[in-house]
Amino acid sequence: MLDVSSVLEALRPVQDPELRKSLVELNMIRNIKIDAGKVSFTLVLTTPACPLRQFIVEDCQRAVKPLPGVEEVIVDVTAETPQQKSLPDRQGIAGVKNILAISSGKGGVGKSTVAVNVAVALAQVGAKVGLLDADIYGPNDPAMLGLADAKITVKQTADGEAIEPAFNHGVKLVSMAFLIDKDQPVIWRGPMLNGIIRQFLYQAEWGDLDYLIVDMPPGTGDAQLTLAQAVPMAGAIIVTTPQTVALLDSRKGLRMFQQLGVPILGIVENMSYFIPPDLPDRKYDIFGSGGGEKMAAELGVKLLGQIPLEILLREGSDRGLPIVLDRPDSASAKALMAIAQQIAAQVSIAALA
């Protein structure tokens with residue numbers, strides 16, 4: 001007999017490929033309805049950026065179609081991003097499910113480019129995303145996100161000051177650049193930097209977010225220590241280039257987060273190779289090759305992806321139009337979208353482990 005129980009039993013062997021657990025046991029199959037020979041149900045993924053979405057849908061359809069009387073299987077796909085695990089000695093942010101750090105050991109490796117494009121890529125697939133520009137001395141995220149001329153509102157509430165983030169391309173943004181003049185340097189010692197980062201974390205009106213991405217300054221200093229000790233973090237992503245000096249510094253940054261008890265979600269290798277605009281089939285390993293992959297293997301972490309060096313990527317950043325929006329068919333955009341999906345998948349695995 002075709003009923004809800006028989007449909008559930010047919011779906012029980014189907015697993016989430018990343019979590020390696022039954023969709024039924026994970027409560028990812030809901031709202032089963034049977035209308036004559038038509039079976040419909042809701043598949044609730046753990047992230048709207050699931051890279052295996054179509055694969056899971058097809059697995060579900062193959063499992064249900066052989067049941068007697070089934071003529072059609074309709075799968076409605078939605079997502080509920082899981083909440084990261086809380087820590088007793090760190091204060092979470094109300095409404096924010098997962099806090100991610102995108103960091104690097106040294107400057108100039110494209111960390112902000114990765115942070116901005118990953119944030120926009122996640123927002124494009126339906127996630128609620130915030131971006132905190134924690135590079136207090138060199139805040140560039142507003143320019144890359146098309147918000148160079150924006151201002152944020154600091155208002156007084158019953159609980160004290162509240163910051164209303166700027167918004168563009170589906171991403172909420174808070175940055176020191178909104179609070180200072182364009183050419184004004186920030187000449188602060190550690191305690192002041194610690195204070196403003198905490199203010200950005202707790203006094204910004206982030207609302208409900210699936211992911212709050214924190215674009216860290218390079219190195220292993222006060223900003224990293226403040227973030228790791230203030231909030232529970234879903235994980236850190238380390239950005240490097242294939243160049244030896246970048247890899248040496250990236251290893252230090254990775255080890256720092258490990259010592260602070262922050263999970264490492266993986267390594268992103270940026271500027272992996274150069275693609276000339278007039279010879280799109282050519283690749284030149286300007287900064288070497290395979291460095292990120294070798295480092296990931298040596299340290300036992302995941303290589304999330306490799307991003308080519310393209311003029312289009314730089315041009316989009318300068319115009320405030322991230323390449324995942326501006327040129328989604330480019331090699332860089334495809335790499336960044338895949339990296340965003342991998343990051344989302346790693347967050348879900350960690351949250352549900």
- Message: Between residue 2 and residue 289, how high is the FRET efficiency from 1/(1 + (r/R0)^6) when r is the Cβ-Cβ distance and R₀ = 45 Å? Nearest 0.05.
- Response: 0.20
- Task: Check cross-link reach from residue 302 to the lysines: straight Cα distance under 22 Å, and skip same-chain residues fewer than eight apart.
- Result: 21, 85, 106, 111, 252, 294, 334
- Query: Where in the chain are the DSSP H helices whose C-alpha atoms run 27 Å or more along the long axis and whose mean Kyte hydropathy is at least 0.5?
  - Reply: 331-352
- Can you list residues whose amide H is under 5 Å from residue 23's amide H, if they're 5+ apart or on another chain and H is modeled 1.01 Å from N? 14, 15, 16
- Task: Can you tell me which of 274-280, 303-309 comes out highest on packing, and rank the rest after it, using the mean Cβ neighbours within 10 Å?
- Result: 303-309, 274-280
- Message: Starting from a Cα-only point model with no solvent, please compute log10 I(q)/I(0) by Debye for segment 222-344 at q = 0.22 1/Å.
- Response: -1.25
- Item | Computed E for residue 229/residue 159 - FRET, C-beta separation, R0 35 angstrom, nearest 0.05 | 0.95
- Using a basic spin-label model with each label point 7 Å from the Cα along Cα→Cβ, how many nm lie between residue 260 and residue 137? 1.6
- Whole-angstrom Cα spans of segment 25-101 along principal axes, big to small: 55, 21, 18
- Task: At a temperature of 37 °C and a viscosity of 0.692 mPa s, determine how fast the chain diffuses translationally according to Stokes-Einstein, using the Kirkwood radius over alpha-carbon pairs as Rh; express D in µm²/s, rounded to the nearest whole number.
- Result: 153
- Message: Loop-only trypsin sites (Lys or Arg not before Pro) in segment 90-168, please: DSSP not H, G, I, E or B, and at most 15 other Cβ atoms within 10 Å.
- Response: 90, 151
- Task: Of the DSSP beta bridges with both residues in the chain, give the percent that are antiparallel, rounding to the nearest 5.
- Result: 30
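Only the coordinates and a few stated rules stand behind these numbers; no lab work does. Since this is a predicted model, take the numbers as computed values, not measurements. Here Cβ is always computed from backbone atoms with ideal geometry, including for glycine, and neighbour counts include all displayed protein chains.
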